[in-house]
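Data block below; observations after.
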Amino acid sequence: MRVELKHVFKSFSHNSSTLEVLEDINLTVEEGEFVCLLGPSGCGKSTIIHLIAGLERPTSGNILVAGRPVDGPDPSRTVVFQEAALFPWLSVLGNVEFGLRMAGIPPIKRRARALEYIRLVHLSKFIHAYPHQLSGGMKQRAAIARALALQPAILLLDEPFAALDAQTRSVLQNELMEIWELARPTILFVTHNVREATGLADRVYVISSRPGQIRDVQTIQVPRPRHAEDAALLTHQRKILELLGEEVEKVLQDELGERVHFPEAQHAVPPGHAHGMHL
Amino acid sequence: MGKPMNKFEFLKPAQALFLLYVLWEATAWVFPAWPSPRAVFGVLADNFTQSTFRAALAGSAWRMVVGYSLVILVGISGGLLLGRIPLIDRIIGSFAVAVHAIPGAAWVPLAIIWFGMTERAVIFTILLGACGIVMVSTDTGIREVPPLVARAARTLGARGTNYFWFVVVPAAIPKIVDGLRLAWAFGWRALMAGELLTSVSGLGQLLSQVAKAGQLDQLLAIMLLIAGIGIAVDSLIFKRLEHAVRVRWGLV
């Protein structure tokens, strides 16, 4: 399904002050496309996810999914949150089955479907484990399986790998890529990591902060699987960093030292690049 | 919890108990009217061979089982109604808080007027003495669904009744268990107060009997038993339950 945001504004009122979070956001995600929203912390990227998920309403403007305005959450648009947000009282299996149960799918069928998606994220050995027994990466795998089990037309990912270590992050990025190529859902992926965005997406929307505005769209035509040192990717990354120069400076201070790793190039980050890739 | 360093930490609980025992023994030696621990434990052990005592103990246990079951039933369903239906909250919300504020023993006179000096009066006392805390904690629990969990549930299609039973209620379980643990302690106190004042055969009533007969050793023996049961049930059942729930819900 195609996602379209037209002149979307969003502000939050707190007491008597109003905070403008999004200003005139126009974006589209074509059916089956992988799009990243890239911007520094606090630029309203997550708010865009919440709006498309139907968890919040825009102050003004239209949000269209397959041409129809979004009116509340729907299982055809599922979300993977940064903190996994698994239900702690349910096992991995219970979590993955949750949406299917809500949809009224009979037990035998929903179990089979849940197991299939658990296998897809390589958690088959942990179907009876509870979230508190899982590592951060395993929790995100479970959350991805839970979101995929509903076979959504649109998968929304809100900085899903931001809290993971570089190794786990890189493995999960590759797995997400495989899953996307298998089922081809429309994906909107939020990140504040330039390498992650350029490594994954067909197109990258670059968003500035306070209020969030779209500064640029980069179409990444590099074929997959992508190599971290690909010259075209580096050019995109440089452009984005220039674009957001000041914002980077702002955010670098609190989030120094993290970067995306590609399996082929784990040690190949040039010294000057090590930090600059992270918005 | 940041407990301040205690320089008597070297004293293990067993050692501390032993010290207490020695002190008791010493005071009994100084004041002959004060029964020695050996005498008290002797009386207590002997009690268990008496059928009247065993019947009293069984009676108390039974009333507690019935009373506490009612507490669970009324407390949780009342709390769910309070949290779920705003009208009920408006009407009896403050009433539940008031019930919660009345000590169990204060219900006994009303219980006696309504039910006479009967077992039902005692059970009523347990119910009213302990269900308030369960209602209040259940109510609090279902109002405090973590926002992230709520959002995840909504995107997965949970709404209405499904949302309530499969998200709100399980999310409230740690709070409900906290309430149940406190309710056990409140209920146990209420049981004793009820039995003491209604003279329905039980540990509480034995307490008043032996006090009237001036049997200090019996009095201490029964009080020890009451404390022992209270502590044992709390640590063997409720503490473990609470811990298990907190671990699973990721709260520790």
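The values are calculated or read from the model by the stated rules, or taken from the named source; none is laboratory data. The model shown is predicted, which means the values in this text are computed figures rather than measured ones. Neighbour counts are summed over all protein chains in view; Cβ atoms, including those assigned to glycine, are modelled from backbone coordinates with ideal geometry.
Examine the stretch B:183-193 for a residue that is outside any helix (DSSP H, G or I) and of a type in the set (A, V, I, L, M), and state whether such a residue exists.
Looking through the stretch B:183-193, none of the residues is outside any helix (DSSP H, G or I) and of a type in the set (A, V, I, L, M).
Could you please let me know if B:Thr198 is modelled with pLDDT under 95 and within 14 Å of chain A (Cβ to nearest Cβ)?
no
Can you spot a residue in the stretch A:135-143 that is away from chain B (no Cβ under 11 Å), among the aliphatic types (A, V, I, L, M) and part of a helix (DSSP H, G or I)?
So far as the stretch A:135-143 goes, yes, one or more of its residues are away from chain B (no Cβ under 11 Å), among the aliphatic types (A, V, I, L, M) and part of a helix (DSSP H, G or I).
Just a yes or no: is a residue in the stretch B:138-159 in a helix (DSSP H, G or I), under 30 Å from B:Gly204 (Cβ atoms) and either in contact with a strand residue (DSSP E or B) (Cβ under 9 Å, 6 or more places away or on another chain) or in contact (Cβ under 8 Å) with a residue 60 or more places away in the chain (or both)?
Scanning the stretch B:138-159 turns up at least one residue that is in a helix (DSSP H, G or I), under 30 Å from B:Gly204 (Cβ atoms) and either in contact with a strand residue (DSSP E or B) (Cβ under 9 Å, 6 or more places away or on another chain) or in contact (Cβ under 8 Å) with a residue 60 or more places away in the chain (or both).
Give the residues of the stretch A:123-150 that are surrounded by fewer than 23 Cβ atoms within 10 Å (Cβ to Cβ) and among the charged types (D, E, K, R), sorted by residue number.
Those that are surrounded by fewer than 23 Cβ atoms within 10 Å (Cβ to Cβ) and among the charged types (D, E, K, R): A:Lys125, A:Lys139.
Under 23 Å from A:Ser170 (Cα atoms), within 19 Å of the chain's Cα centre (by Cα) and in a helix (DSSP H, G or I), is that true of A:Arg119?
No, not satisfied.
Using the structure shown, decide if B:Leu191 is buried (at least 19 other Cβ atoms within 10 Å of the Cβ), closer than 30 Å to A:Lys139 by Cβ and away from chain A (no Cβ under 14 Å).
Criteria not met by B:Leu191.
Please go through the stretch B:143-159 and give me each residue that is more than 7 Å from chain A (Cβ to nearest Cβ) and buried (at least 20 other Cβ atoms within 10 Å of the Cβ), ordered by number.
Across the stretch B:143-159, the qualifying residue is only B:Ala153.
Only residues that are small (Gly, Ala, Ser) and part of a strand (DSSP E or B): list them for the stretch A:1-41, please.
Of everything in the stretch A:1-41, those that are small (Gly, Ala, Ser) and part of a strand (DSSP E or B) turn out to be A:Ser11, A:Ser13, A:Ser17.
How many residues does the stretch A:83-94 contain that are part of a loop (DSSP other than H, G, I, E, B), more than 7 Å from chain B (Cβ to nearest Cβ) and surrounded by fewer than 23 Cβ atoms within 10 Å (Cβ to Cβ)?
2
Which members of the stretch A:95-122 meet the condition of being surrounded by fewer than 18 Cβ atoms within 10 Å (Cβ to Cβ) and within 13 Å of chain B (Cβ to nearest Cβ)?
A:Ala103, A:Gly104
Of all the residues that make up the stretch A:57-68, how many are farther than 16 Å from A:Asp24 by Cα and either crowded, with 18+ Cβ neighbours inside 10 Å or facing chain B (nearest Cβ under 8 Å) (or both)?
1
Condition (residue is small (Gly, Ala, Ser), over 26 Å from B:Ile142 (Cα atoms) and surrounded by 15 or more Cβ atoms within 10 Å (Cβ to Cβ)) applied to the stretch B:58-67: is it met by at least one residue?
yes
Could you give me the residue pairs with C-beta distances under 8 Å whose first residue belongs to the stretch A:69-82 and is under 9 Å from A:Ala153 (Cα atoms) and more than 9 Å from every other protein chain (Cβ to nearest Cβ), whose second residue is part of a loop (DSSP other than H, G, I, E, B) and hydrophobic (A, V, I, L, M, F, W, C) wherever it lies, and which are 6+ apart or on separate chains?
Filtered contacts from the stretch A:69-82: A:Ser76/A:Met1; A:Ser76/A:Leu150; A:Ser76/A:Ala153.
Only one of these is of a type in the set (Phe, Trp, Tyr) and touching a Gly at 6+ places or on another chain (Cβ under 9 Å): A:Phe87, A:Phe81. Name it.
Testing whether each residue is of a type in the set (Phe, Trp, Tyr) and touching a Gly at 6+ places or on another chain (Cβ under 9 Å) leaves just A:Phe87.
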